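All remarks here apply to the structure that follows.
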Amino acid sequence: MWPEVVRNLSKGQSSTVTNNILLSEHKSISTKDKSAHAFSSSKFSKILRDQKHQQMEIVIASLALVVVLWCIWRILEWVWLKPKMLESYLRRQGLVGTRYTPLVGDVRRSFSMLKEARSKPMKPTDDLISLVMPYSFHMLNTYGKTFFTWSGPIPAITIMNPQLIKEVYNKFYDFEKTHTFPLTSLLTDGLANADGDKWVKHRKIINPAFHFEKIKNMVPTFYKSCIEVMCEWEKLVSDKGSSCELDVWPWIVNMTGDVISRTAFGSSYKEGQRIFILQAELAHLIILALGKNYIPAYRHFPTKNNRRMKTIVKEIQVILRGIISHREKARDAGEAPSDDLLGILLKSNSEQSKGNGLNMEEIMEECKLFYFAGQETTSVLLAWTMVLLSQHQDWQARAREEVMQVFGHNKPDLQGINQLKVMTMIIYEVLRLYPPVIQMNRATHKEIKLGDMTLPGGIQVHMPVLLIHRDTKLWGDDAAEFKPERFKDGIAKATKNQVCFLPFGWGPRICIGQNFALLEAKMALALILQRFSFELSPSYVHSPYRVFTIHPQCGAHLILHKL
Ligand code: HEM
């Protein structure tokens, strides 16, 4: 093709000369010879047509050449020039880290370390960091507490200094959320993914739904979902005599899903439960696709999984749209708003001045987020609490003693839950050792100061919560041990007022649902402790596995004894 283009190009350059000759030829045609004239005029217009055609081809070929060169330049810039420029920028700041490997960065290295760590049998006493974050662990040992790695072609600085972490959380306009995995936005779009003014607007509208005043009205709903599971467990145990082996993990997952269905959608919770099932399937498919994230636009390929994801997303939207428009109609008909999360959110939204509220799509995104953020995290908190209390029978006994002192065999209520000091210490310690969100990431978009460093735009900042929570310099030599007593005088004393306890994040973007989660977890644990003692089953396999949060991959097999 290219030789032809070059030929055409040289033809094109001589076209003006040819035109002039032809024109002069044309003028000299004698009117005597009409047929000769007709012949030469049709020949003339054919030559003109051919020339136009050739000129068009030249323009198109030149444009194509420009586009191809531009694409090559952008790819080169993306894969090599920009990363190398950022790398030397960071090294000039005195920062240490790995050398850049084009395109993949450290992704392959960290995956293979994770694979190796997962292939070995684990014991509950093994160090969790080397099991679920082996690459960060290796980097920490090699470079110390501040280093950079590569998320593909993007450099990522890991920081563990409480002062720097505080600065990142506070400057939320400068340190925005990363959007490295577009697929995950199918589950967590909305508030958790929003930045800047959009985040400010969404947070303001959603905040009232999570005020303590509102959450406390949901305590009876927490009770309802939890007591149903307790009744089932009691039946299972009594069928076997007085003890029974049970994998509590799937029960806990369903229980927290039921809580969020009822608290978010009230009377429409049955439809809500369908969303929960669909979201769980979606999360599973997204995890399968995450390994292919490096293939550009992979999520748009018409693979079986991608098509299923699209169908699920559509079905969730149809259900949510139905629930929301039903509510809006009821409101327009003058019915009082419901006191569930959706009702409060719609009321808060309608109180905004015109044009400042959320539209239907945005409300749907927030509802989807409540499901994912509320269910995934609270279920892992409860599962690891039961595992740790099985390993530490002394703390299980102390927690039960407190529950029995406060409630006896009565129904737990808000006032009593607020008195559960030992249980609060235990939950904080579980959140420290097994934080559901083990790392939080942010991105810079312009040059910005962080402590003594000047960071360029286009990099990420990683805050490895799990490493920070187990740092002996911050928590003492016993940092890896389960010692709830470190929280006996509250978080501020335990952390010596440093920003190093981050299960719910920190600063303006701190988890909006933390009161909700803590009340729910305390209700569930109080009901469990009133009825059962529990220990690890011989079939328990310790298998912390990083998905979005740290799941017990082989479940949580316990032996429940009826009290
Ligand atoms: C044990 C339970 C929970 C844990 C450990 C947890 C953890 C977190 C963390 C670490 C963040 C901050 C993420 C970041 O800064 O990048 C966060 C944000 C968020 N969480 Fe939770 N969460 C829990 C329960 C809940 C519940 C029950 C809900 C709602 C029903 C919820 C809704 C949210 C939302 C909407 C955000 C985004 C807040 C914002 O960006 O303004 N979470 N959560």
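Some values worked out for this structure:
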| quantity | calculated |
| --- | --- |
| Distance in nm between pseudo-label sites at GLU77 and ARG307 (7 Å out along the Cβ direction from Cα) | 3.8 nm |
| Per residue solvent-accessible surface (Å²) - segment 458-563, probe of 1.4 Å | 36 Å² |
| Charge dipole (the chain, unit charges on Cβ, about Cα centre) - positive-most of ALA64, PHE210, ALA524 | ALA64 |
| Using alpha-carbon coordinates, inclination of helix 15-27 to the longest axis of the chain, degrees | 40 degrees |
| Order of exposure, largest accessible area first, which applies to HIS53, HIS469, HIS561 with probe 1.4 Å | HIS53, HIS561, HIS469 |
| Cβ charges +1 (Lys, Arg) and -1 (Asp, Glu), total dipole of the chain, debye | 1980 debye |
| Segment 360-389 and segment 420-454: distance between their alpha carbon centers, rounded to Å | 17 Å |
| Cβ-Cβ FRET estimate between ASP489 and LYS166, R0 fixed at 22 Å, reported to 0.05 | 0.55 |
| The chain: relative contact order as a whole-number percent, Cα under 8 Å and 6+ apart | 20 percent |
| Using distinct alpha-carbon pairs, which all enter the 1/r mean, Kirkwood radius of segment 406-563 in Å | 18.2 Å |
| Helix axis angle, 304-332 relative to the chain longest principal axis, alpha carbon, degrees | 70 degrees |
| Helix axis angle, 514-531 relative to the chain longest principal axis, alpha carbon, degrees | 40 degrees |
| Share of carbon and sulfur in the accessible heavy-atom surface of the chain [1.4 Å probe, %] | 58 percent |
| Viscosity 1.306 mPa s, temperature 10 °C, Stokes-Einstein D of the chain from Kirkwood C-alpha radius, µm²/s | 58 µm²/s |
| Ratio Rg/Rh, restricted to segment 201-250 and using Cα atoms, in which Rh is the Kirkwood radius | 1.29 |
| Accessible-area ranking of GLU335, GLU535, largest first, probe 1.4 Å | GLU335, GLU535 |
| Options ILE324, HIS409, SER40, ranked by Cα towards positive dipole end of the chain, top entry (Cβ charges) | SER40 |
| Fully extended contour minus Cα-Cα distance, from LEU69 to TYR173, at 0.36 nm per residue | 33.9 nm |
| Using a Förster distance of 22 Å, the FRET efficiency for GLN514-GLU351 (Cβ separation, nearest 0.05) | 0.35 |
| Sites LYS115 and GLU213 - FRET efficiency at Förster radius 51 Å, r taken between beta-carbons, to 0.05 | 0.60 |
| Accessible heavy-atom area order of PHE487, PHE44, highest first, probe of 1.4 Å | PHE44, PHE487 |
| Lys/Arg +1, Asp/Glu -1 at C-beta; the chain dipole; positive extreme among SER390, VAL422, GLY97 | GLY97 |
| Under 16 Å from LYS314, Cα to Cα: lysines that are on another chain or at least 8 residues apart | LYS304, LYS368 |
| The chain, helix-only ellipticity at 222 nm - DSSP H runs n ≥ 4, -39,500 (n - 2.57), divided by all residues, nearest 500 | -19000 deg cm²/dmol |
| Difference of contour (0.36 nm per residue) and Cα-Cα distance, ASP413 to THR454 | 9.7 nm |
| Relative contact order for segment 464-563, counting Cα pairs under 8 Å that sit 6 or more residues apart, in percent | 18 percent |
| Over segment 437-530, volume per residue of the alpha carbon convex hull, in Å³ | 136 Å³ |
| Cα-derived Rg to Rh of segment 209-309, Kirkwood definition | 1.13 |
| Gain upon complete extension [SER543, GLU281; 0.36 nm per residue less C-alpha separation] | 92.2 nm |
| 27 Å Cα-Cα threshold exceeded, pairs from LYS145/LYS177; LYS120/LYS562; LYS204/LYS411; LYS120/LYS473 | LYS120/LYS562; LYS204/LYS411; LYS120/LYS473 |
| Nonlocal amide H pairs with VAL541, under 5 Å, H built at 1.01 Å | HIS557 |
| Kirkwood estimate for segment 127-260, i.e. one over the average of 1/r between Cα atoms, Å | 19.9 Å |
| Of all DSSP beta bridges in the chain, antiparallel share, percent nearest 5 | 85 percent |
| Accessible surface of CYS511 - all protein chains present, 1.4 Å probe, nearest 10 Å² | 50 Å² |
| 5 Å binning of all Cα-Cα separations within segment 274-412, expressed as whole percents from 0 upward | 2, 8, 12, 13, 13, 11, 11, 11, 10, 7, 3, 1 |
| For segment 134-222: relative contact order, % (alpha-carbon pairs under 8 angstrom, 6 or more apart) | 13 percent |
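The values are calculated or read from the model by the stated rules, or taken from the named source; none is laboratory data. If you're wondering where the values come from, they're calculated on a predicted model, not measured in any experiment. Quick reminder, even Gly has a Cβ in these numbers, built from the backbone with ideal geometry, and neighbours come from all protein chains shown. Accessible surface is based on the protein model in full, side chains and every heavy atom, while ligands, DNA and RNA are left aside. Shrake-Rupley method; radii C 1.70, N 1.55, O 1.52, S 1.80 Å.
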